[in-house]
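Notes to accompany the following structure.
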Amino acid sequence: MAGYTYILADFRRGRTYIGVTNDLVRRIYEHREGLADGYTEKNNIKRLVHFEVHETVPLAIQREKTLKRWYRQWKVALIEEHNPDWRDLWDEIVK
């Protein structure tokens, strides 16, 4: 079963949240609709700005843990490498 790591942001270079899931569309939908209690709901963080696909959920979990230990500037560089304008990638994953 595939796993996904993802980064949400409230706006360009704003607050971010890193998560992991086995169903990216469902999980991002939950964040967007305020169904995911906690940090993202409290801080209105809904924009999907980066995601990665992994062969298994344990690999995705390991990547999430790694990303959470990164310095902020490394996370920003990762996002901007593939999404320099911090566009919301929601439309790309629901196609």
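The values are calculated or read from the model by the stated rules, or taken from the named source; none is laboratory data. Quick caveat, the model's predicted, so the values are computed rather than measured. Ideal geometry is used to build each Cβ from the backbone, glycine not excepted, and the neighbour counts take in all protein chains shown.
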Filter result (of a type in the set (A, V, I, L, M, F, W, C) and either touching a Lys or Arg at 6+ places or on another chain (Cβ under 8 Å) or free of Cβ contacts under 8 Å to residues at least 12 places away in the same chain (or both)) within region 44-54: I45, V49
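Just a yes or no: is a residue in region 46-59 at pLDDT 95 or above, in a helix (DSSP H, G or I) and aliphatic (A, V, I, L, M)?
Of the residues in region 46-59, the ones at pLDDT 95 or above are 46-59.
Next cut, in a helix (DSSP H, G or I) only: 57-59.
Next cut, aliphatic (A, V, I, L, M) only: 57, 59.
Within region 46-59 (the criterion being at pLDDT 95 or above, in a helix (DSSP H, G or I) and aliphatic (A, V, I, L, M)), the answer is yes, since at least one residue qualifies.
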In region 1-16, the residues that are more than 18 Å from T56 (Cβ to Cβ), surrounded by 13 or more Cβ atoms within 10 Å (Cβ to Cβ) and in contact with a strand residue (DSSP E or B) (Cβ under 8 Å, 6 or more places away or on another chain): I7, L8, A9, D10, R15, T16
Filter result (exposed (fewer than 11 other Cβ atoms within 10 Å of the Cβ) and touching a residue at least 24 places away in the same chain (Cβ under 8 Å)) within region 73-95: D85, V94
Meets criteria (under 16 Å from T5 (Cβ atoms), assigned to a helix (DSSP H, G or I), β-branched (V, I, T) and over 12 Å from the mean Cα position of the chain (by Cα)) for T40: no
Check on D85, at pLDDT 95 or above and either closer than 18 Å to G3 by Cβ or assigned to a loop (DSSP other than H, G, I, E, B) (or both): yes
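Just to be sure before I move on: is L78 within 11 Å of the chain's Cα centre (by Cα), of a type outside the set (S, T, N, Q) and at pLDDT 95 or above in the structure I sent? Even if it seems obvious, please write down each step before you answer.
Values: within 11 Å of the chain's Cα centre (by Cα): no; of a type outside the set (S, T, N, Q): yes; at pLDDT 95 or above: yes.
Here the answer is no, as L78 does not meet what is asked.
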Of residues in region 17-43 being touching a residue at least 40 places away in the same chain (Cβ under 8 Å) and of a type outside the set (D, E, K, R), the one surrounded by the most Cβ atoms within 10 Å (Cβ to Cβ): I28
